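Here is the structure we will look at, set down as structure tokens.
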Amino acid sequence: MQGSRFEQKYIVTEERALQVRDFIRSRLELDEHGVGKPNFSYPVHSLYLDSDDLKLYWGTINGDRERFKLRLRFYDDNPVKPVFFEIKARMNNKCRTKKRAAVSREAVEWLLAGDTPRPSHLASDDPEGFAVLKEFCERIHDLQARPRVHIGYFREAYMSPYNDSARLTIDRGVRAEPELAARLSTTIQKPTLLWGQDVVLEMKITDRFPDSFRELISTFGLRQCGAAKYVDSVSTLGEYKFGGPSAT
């Protein structure tokens, strides 16, 4: 479980993203998952869940002070690799928390269908993860939530070499398509690019705002904006494709 954190997002050009990379590499360390990879990036895939009336989507649109998202996150098609059940919550309209549980792929379909969570559903023995899994399943039941959209992108990430107090991510090729089943495939059949060739730059802070981030914002004249991948996916593709049991 991650502690409380704050996030700031920016939409920038690829040219600006490369300048940010050059700036930040002397201040933060490259995420180990990007080492040796093209563009220092690794693939990220998320399957977001919501109710038929898109309650979680509308919670963000309406600016509810206490809101959350439910998603399944995976990184490849390897059947023995876990799928992460994640609850990303926002409190007082500012502070965020993220909880996740590593779940065996073979258990995902059963859990989304309403099966009672058991420790054996986890990818490893993890009491804290099991508590998260139970909470996730309770929220699914309360909302009658099911998959809505598949979002994929390539992430270049940097972090503090000392702790998890600061993290900067650069997300490229953010693409989405409606997905109303628990299809855990990295293939997006009819992708829609949410921000074209532009890049999502995100700063994640769990302590005081780092001087390096202040300098970065000042140096490149960055302007904070909204870039909510799930919400922008639904808005861009059309709400009618996601709401209701007969959505297509």
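Bear in mind these aren't lab numbers, they're just calculated from the coordinates by the rules spelled out. As the structure is a computational prediction, the values presented were derived from the model and not from experiment. Note that we place each Cβ from the backbone using ideal geometry, even for glycine, and neighbour counts take in every protein chain shown.
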Over 27 Å [Cα-Cα, the stretch 122-248], rounded percent: 39 percent
task: Could you pull out every residue, at least 5 positions away or on a different chain, whose amide H is within less than 5 Å of the one on Leu54? Hs are placed 1.01 Å off N in the peptide plane, and Pro or chain starts have none.
output: Gly244
- request: Could you work out how far helix 14-24 tilts from the main Cα principal axis of the chain, as a 0 to 90 degree angle to the nearest 10?
  value: 70 degrees
- line: Note: Thr192 to Ala113 extended length (0.36 nm per residue) minus current alpha-carbon separation gives 25.6 nm
field: Folded to 0 to 90 degrees: helix 127-143 orientation relative to the chain principal axis, Cα
entry: 70 degrees
task: Could you tell me the convex hull volume per residue, in Å³, taken over the Cα atoms of the stretch 133-188?
output: 135 Å³
message: Straight-line reach only, C-alpha to C-alpha below 18 angstrom: list the aspartates and glutamates that Lys134 could link to, leaving out same-chain residues fewer than 8 apart.
response: Asp50, Glu86, Glu106, Glu109, Asp115, Asp125, Asp126, Asp142
- request: Give me the angle, in degrees from 0 to 90, between the Cα long axis of helix 211-220 and the longest principal axis of the Cα atoms of the chain, rounded to the nearest 10.
  value: 80 degrees
- prompt: For all pairs of alpha-carbon atoms in the stretch 4-78, what percent lies in each bin of width 5 Å, listed from the first bin to the last filled one?
  reply: 3, 10, 12, 19, 17, 14, 15, 8, 2, 0
- prompt: Quick one: putting +1 on the C-beta of Lys and Arg, -1 on the C-beta of Asp and Glu, what dipole do you get for the chain around its Cα centre, in Debye to the nearest 20?
  reply: 420 debye
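Calculate for the chain the 222 nm mean residue ellipticity that helices alone would give, adding -39,500 (n - 2.57) per DSSP H run of length 4 or more and normalising by residue count, nearest 500 deg cm²/dmol. Numbers along the way, then the final one.
Details: 6 runs with 62 residues, N = 248.
That calculation yields -7500 deg cm²/dmol at 222 nm.
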task: Assuming 1.306 mPa s and 10 °C, estimate D for the stretch 177-248 with Stokes-Einstein, Rh taken as the Kirkwood radius over Cα pairs, in µm²/s.
output: 103 µm²/s
- prompt: If you wrap a convex hull around the Cα atoms of the stretch 114-162, how much volume per residue is inside, in Å³?
  reply: 155 Å³
query: Computed over the Cα atoms of the chain, what is the convex hull's projected area averaged over all directions, in nm²?
result: 13.3 nm²
Label zone at Ser124, where the point sits 7 Å out along the Cα-to-Cβ direction: the stretch 162-200 residues whose backbone N lies under 19 Å: 164
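Can you tell me the equivalent ellipsoid semi-axes for the stretch 46-164? Use √(5λ) from the Cα gyration tensor, largest first, whole Å.
Working from the Cα gyration tensor, I get semi-axes of 22, 20, 15 Å.
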Those lysines that a straight Cα-Cα span of less than 21 Å connects to Lys204, excepting residues fewer than 8 apart in one chain: Lys9, Lys69, Lys88, Lys94, Lys98, Lys99, Lys229
query: Given Ala102, Ala228, Gly152, which one lies farthest toward the positive end of the charge dipole of the stretch 2-241, if we put +1 on the Cβ of every Lys and Arg and -1 on the Cβ of every Asp and Glu?
result: Ala228
Gyration tensor over alpha-carbon atoms, the stretch 52-93, equivalent ellipsoid semi-axes in Å: 28, 12, 6
